[in-house]
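The values are calculated or read from the model by the stated rules, or taken from the named source; none is laboratory data. Keep in mind that what you see is a predicted model, and the values were worked out from it rather than measured. Because the Cβ atoms are built from the backbone with ideal geometry, glycine has one as well, and the counts that use them run over all protein chains shown. The accessibility values were calculated without ligands, DNA or RNA, using every heavy atom of the protein model including side chains. Shrake-Rupley method; radii C 1.70, N 1.55, O 1.52, S 1.80 Å.
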Amino acid sequence: MKIKRMKLKLFILLLTFSTVSHSQISENTGIYFAKEFSKDQALYKAKEFLITELINVDSTPTKFEVDPLAAASSGELTSLMYSCEEQNMSGLIFGFFGNRWNENGVNYQAYAFRNLNKSDALEILSKLEKIIDENSKYIRSDSDTNNISFTYQDIKFLIYRDGGEKIRVFWNGFDAEWEETAFNRTRRRFERRID
């Protein structure tokens, strides 16, 4: 009887160890195991994105700026402004954050960045503001029932009202909610600082 109990305990211990060690498998770039994705974390990761994907970096020191403008209260979307005068580049980065599952069924939190150059950023921010303004009566007439959707490049937007105007942003498998306050803060700060 003792041997059966010891075998059972050993089996449970090995099963637990196997599950824990299997769930700690390191993933590819874009995975974040923290519970929240703050503006500080978005800023930290966006710097890497800028120097590996957008800005031409060589042996000569390159100066650039990146500043988080606003984070959605959901934690799923952070907007960041960047500029590199030396390379005549500026724009807006959307930092997306959300849950994913790997091939083993382990839940993890992933992130990715979507760049919008200055003219594209100004265009989409203006378009979103205009659509919300022109359709506010329709959206408000039946809260969370009346919706507006459109696509800009490879990004889909869904605008609705649920205690205030909300924008859901769909891109590359991410579904981020961008509430009115964070959107307005992004738009105002970007337009004020980009010139």
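How much length, in nm to one decimal, is gained on full extension between residue 134 and residue 153, taken as 0.36 nm per residue of separation minus their Cα-Cα distance?
Result for the pair: 4.7 nm of gain on full extension.
Can you pull the one-decimal nm distance between simple spin-label points at residue 85 and residue 108, each 7 Å off the Cα toward Cβ?
4.0 nm
In this model, which of 39/118; 63/130; 47/127; 39/137; 45/127 are farther than 31 Å apart at the alpha-carbon?
From the list (39/118; 63/130; 47/127; 39/137; 45/127), the Cα-Cα distance tops 31 Å for 63/130; 39/137.
When you have a sec, figure out the Kirkwood radius of region 75-150 from all distinct Cα pair distances and drop it here in Å to one decimal?
This gives a value of 15.4 Å.
Give the calculated FRET efficiency between residue 120 and residue 143 to the nearest 0.05, with a Förster radius of 35 Å applied to their Cβ-Cβ distance.
For residue 120 and residue 143, the calculated efficiency is 0.70.
Shape call for region 107-171 from the C-alpha gyration tensor, a ≥ b ≥ c root eigenvalues: rounded (a/c under 1.5), prolate (a/b greater than b/c) or oblate?
In terms of gyration-tensor shape, oblate.
Which whole-Hz couplings ³J(HN,Hα) result when phi for each residue of region 96-111 is put into the Karplus expression 6.51 cos²θ - 1.76 cosθ + 1.60, θ = phi - 60°, listed in order with x for Gly and Pro?
9, 8, x, 7, 9, 10, 7, 5, 9, x, 7, 7, 9, 9, 10, 9
Which GluC sites (Glu not before Pro) from region 84-142 combine a DSSP loop assignment with at most 13 other Cβ atoms within 10 Å?
For GluC sites (Glu not before Pro) across region 84-142 that sit outside H, G, I, E and B with at most 13 neighbouring Cβ atoms in 10 Å, the list reads 103.
For a quick check of your reading of the filter: which trypsin sites (Lys or Arg not before Pro) in region 105-195 sit in a DSSP loop and have no more than 15 other Cβ atoms within 10 Å?
Nothing satisfies the criteria.
So if each residue of separation counts as 0.36 nm, and I subtract the Cα-Cα distance between residue 43 and residue 57, what length gain in nm does that give?
So the extension gain works out to 3.2 nm.
Can you give me the accessible area per residue for region 148-195, using a 1.4 Å probe, in Å²?
Averaged over the residues of region 148-195, the accessible area is 49 Å².
If R0 is 35 Å, what FRET efficiency do you get for residue 101 and residue 73 from their C-beta distance, rounded to 0.05?
0.90
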